[in-house]
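What follows draws every value from the coordinates through simple rules; no lab data is involved. Please read these numbers as outputs of a predicted model, since none were measured by experiment. Don't worry about glycine lacking a Cβ; one is built from the backbone with ideal geometry, like all the others, and counts go over all protein chains shown.
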Amino acid sequence: MTSITAQTIHGRCFLLTDSTPHRPTESGVDDNARSSVLAMIRAILLTGSPGAGKSTVLEALAGLLAEDRVPHAAFESEQLAAGYPWLAEEQAYAALAVTCRALRELGRDLFLIAGTTETDAHIEGLKAAVGADETIVVCLRADPETAARRVFEREPPEWAGRDALVAAARGLATQIPALRGIDLLVNTDGRRPRDVAREIRSKLPALQ
């Protein structure tokens, strides 16, 4: 059986197999070993109810990493299903898998992805589609009335679905944080997105 170990090189985490002929040096990875040294793929999934702050915190977290020149990809999974008609759940997962695979081939090994996961099955579906070696699920939590108010204020009054989304936000604000697949809960009530992003980063070694 092939043995795999992890090693950090210049801030990036690599998986090394026991078939690797040389260990990485301070100058990088030995050319003879590149075929058996793979960058460890890590993903941070931001979930939470509508109005919990996923979009703004995702933007803030990506900004913090960019300021420190930490390579990453950042996007909202719902973007891949948007349009008319919306893609079915399995189709959306397939689109996400293709997207992540393409980004990995372009050198991305850290993914920040926001999505509304109403059930543990949704969490597992997203994780499987992303296909990372390590995935951490961060739930942004807001008071139900706060989440409902944020949705009401951000959505245009002429949109027919606003009232339904407000009601959904109120219910999901308690439902999603209770899911078993959550690794980290972070409150967003009364806080700036950048402060929430700083807390998330401080608690996750993958983002250091």
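On full extension, the segment bounded by Glu134 and Ser202 gains 22.7 nm, given 0.36 nm per residue less the C-alpha separation.
Identify, among Pro193, Thr99, Trp159, the residue whose Cα sits farthest towards the positive end of the charge dipole of region 41-207, taking +1 on the Cβ of Lys and Arg and -1 on the Cβ of Asp and Glu, with the dipole about the Cα centre. Among Pro193, Thr99, Trp159, the one farthest towards the positive end of the dipole of region 41-207 is Pro193. Amide H contacts of Cys139: Thr47, Asp183, Leu184, Leu185, Val186, each under 5 Å away and 5 or more positions distant or on a separate chain (H built 1.01 Å from N in the peptide plane; Pro and chain starts excluded). Estimated at 0.36 nm per residue, the fully extended path between Glu90 and Thr119 surpasses their Cα-Cα distance by 9.0 nm.
Spin-label model, Glu145 to Val70: label points 7 Å out along the Cα-to-beta-carbon direction sit 3.6 nm apart. Each other residue within a Cβ distance under 12 Å of Ala121 adds +1 if Lys or Arg and -1 if Asp or Glu, for a net charge of -3. Can you pull the percent of Cα pairs in region 41-207 with separation above 28 Å? The answer is 18 percent, as a whole percent.
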